Amino acid sequence: MMETKKGRSKMIRQLPLHLLILPSIIGLFLFNYYPMAGLVMAFEDFKPRLGYLHSPWVGLSHFEYMFTYPDSVQVIWNTLLIASLKIAANIAVPIVFALLLNEVRALFFKRFVQTLVYLPHFLSWVILGGILTDMLGNKGIVNHLLFNLGADPVFFLGNGTWFRITVVVSDIWKEFGFSTIIYLAAMSGINMSLYEAAEMDGASRFKQTFHVTLPALVPVILVVGTLALGNILNAGFDQIFNLYNPLVYREGDIIDTFVYRIGLMNGSFSFATAVGLFKSAVGLVLIVLAYRLAYRFGNYRIF
């Protein structure tokens, strides 16, 4: 009886705190859970004038169409390839850069470089797409420089192979500064006595990096990798939409841009919903699998 009274008393005391998070819970429900009712469109031939309740039911027809469409296999392959390259590069490059920047002793220079590489993260792909189109075009500054050096011009945004390379490299340039901050923050929490002990044992800075710094970064790398794996089917709609053109549809078209061209531009909302549901299901499975692997091999747990 006393425990029940204590529990009620505690709940009453904490009631203002619960009321503070109530608006967030309502917003989460309205914008994240309530719209999920629209997933029923994936199984209907949705007509806006008929609504969800009266649109014809077609079952799995949209999913069948998605996998039988002539270009669907190539689009899925493009998505997996580009997304995988981005994930691998956006883990490896920030780690290497953070390790190098961590060795810099001039604090002003370190902060200046960190700010400089962080700035592109705040630019939208609409702006960067225009900049890259001008720079990498046939008469852009890059090809002009190649011509002056005696090399042949490169059709960066018109050749499929070069387009994929351009997409991955430009994404690294835009995002690695933001990821670097995560690893630098993790490095700041490493116990300095570990470095002192390693130095007493005769370890060089290079060996200290491999035997002290990198092992300490493993939990952070597992977190970043686990979260990134859930987005394996998101290869970056904003970036590719602002860079690609009909010449590179075969090598550069990803699921999102494919749905935009084939589905939304033709008013096929049901098909677009079916593809979105498929992507979400695959992402859920992958992130659960990645979490289990991280727990088994890296002893990483969220809860």
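For the stretch 57-73, the count of residues that are touching a residue at least 24 places away in the same chain (Cβ under 8 Å), open to solvent by 30 Å² or more (accessible area, probe 1.4 Å), within 20 Å of residue 235 (Cβ to Cβ) and out of contact with any Asp or Glu (no Cβ under 6 Å at 6 or more places or on another chain) is at least one. Summed over the stretch 234-267, residues that are over 19 Å from the mean Cα position of the chain (by Cα), among the small types (Gly, Ala, Ser) and crowded, with 18+ Cβ neighbours inside 10 Å total 1. Of all residues in the stretch 148-189, those satisfying the criterion of being aliphatic (A, V, I, L, M) and within 19 Å of the chain's Cα centre (by Cα) are 165, 167, 168, 169, 172, 181, 182. Name the residue, out of 96, 117, 126, 104, that is assigned by TED's automatic domain parsing to the domain that holds residue 181, buried (at least 17 other Cβ atoms within 10 Å of the Cβ) and more than 16 Å from the chain's Cα centre (by Cα). 117 is the lone residue from the list that is assigned by TED's automatic domain parsing to the domain that holds residue 181, buried (at least 17 other Cβ atoms within 10 Å of the Cβ) and more than 16 Å from the chain's Cα centre (by Cα). Considering each residue of the stretch 41-68, count those that are more than 20 Å from residue 255 (Cα to Cα) and either of a type outside the set (Asp, Glu) or assigned to a helix (DSSP H, G or I) (or both), and give that number. Qualifying residue count, the stretch 41-68: 14.
In the stretch 87-103, the residues that are part of a loop (DSSP other than H, G, I, E, B) reach residues that are surrounded by fewer than 19 Cβ atoms within 10 Å (Cβ to Cβ) with C-beta atoms within less than 8 angstrom, at least six apart or across chains, in these pairs: 103/205.
Screening 87, 82 for residues that are under 24 Å from residue 273 (Cα atoms) and under 28 Å from the mean Cα position of the chain (by Cα) leaves exactly one candidate, 82.
The values are calculated or read from the model by the stated rules, or taken from the named source; none is laboratory data. The model shown is predicted, which means the values in this text are computed figures rather than measured ones. All Cβ positions, even for glycine, are placed from backbone atoms using ideal geometry, and neighbour counts span all protein chains on display. These accessible areas exclude ligands, DNA and RNA; they are computed on the full protein's heavy atoms, side chains included. Shrake-Rupley method; radii C 1.70, N 1.55, O 1.52, S 1.80 Å.
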